[in-house]
Amino acid sequence: VALREQNAAYSARAFDLLREAERQNPNEPQTLSYLADLYKSRKDDRNAALLYRSLYTIDPTQSIAPANLGAYQMEQGQYEEAIRFFEEALKISPALVLVRLNLARALIQLGQKAEARSVLEKALEFNPSFTAARKLLDQIR
C-alpha cells in the first residue's frame, strides 16, 4: 500500500515493519523485495542495490532483482554488466517491455545497434503501443 499510495505515513510504517521482518528472517524473498522497493522509492540506491543483490542470490526466480540491478549498473555506465542482468530478468519474465527498452539502451551504448533493434522489435511484439520502444527503434534505424 505504501508504494502504491505514495503516502509518507504508510511508507514510514511499512519501512519499520519490513526492517523488523528482515531482522527476524533475513532470507525471506518477499520481505527483501518490498524493502528494496521502499529503499529505492526513498532514493537510497545503495541499500536498495544491496537488498536486490541479496534477493538475487536467495531467489533467482524473481525478475525484479536482476531488472533493478541492471538499471543500477546502467546508471554507473557498466553497460556489459547491465546487459547481463537485463538478459537474466528476461529469461525469467520475457514480457518485461521496460527491461527490454533498458537492454536496448545499454546495447546502443556499446554500439550494438542491430541487437538493440531486435530487442525493441520483440518489445513491440509484446506491446505494440509501447511508444518509447517505437521512438528508440525509429532513432536507430
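The values are calculated or read from the model by the stated rules, or taken from the named source; none is laboratory data. What you are looking at is a predicted structure, and each value in this text was computed from that prediction instead of being measured. We place every Cβ from the backbone using ideal geometry, glycine too, and count neighbours over all the protein chains shown. For accessibility, only protein heavy atoms count, side chains too; no ligands or nucleic acids. Shrake-Rupley method; radii C 1.70, N 1.55, O 1.52, S 1.80 Å.
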Fill in the blank from the handout: Scanning the range 65-114 residue by residue, the ones that are outside any helix (DSSP H, G or I), under 20 Å from Ala132 (Cβ atoms) and either in contact (Cβ under 8 Å) with a residue 24 or more places away in the chain or open to solvent by less than 60 Å² (accessible area, probe 1.4 Å) (or both) total 5
Practice task
For the range 115-125, enumerate the residues that are farther than 13 Å from Leu103 by Cβ and open to solvent by less than 90 Å² (accessible area, probe 1.4 Å).
Solution key: Leu124
Practice task
Restrict the check to the range 53-64 and report whether at least one residue is small (Gly, Ala, Ser), in a helix (DSSP H, G or I), open to solvent by less than 30 Å² (accessible area, probe 1.4 Å) and on the phi < 0 side of the Ramachandran plot.
Solution key: no
Problem - Of the criteria (1) in contact with a Gly (Cβ under 9 Å, 6 or more places away or on another chain); (2) on the phi > 0 side of the Ramachandran plot; (3) among the charged types (D, E, K, R), which one Arg84 fails - result: (2)
Practice task
Specify the residue that is farthest from Thr61 (Cα to Cα); the eligible residues are those in the range 1-27 that are open to solvent by 60 Å² or more (accessible area, probe 1.4 Å) and not in a helix (DSSP H, G or I).
Solution key: Gln6
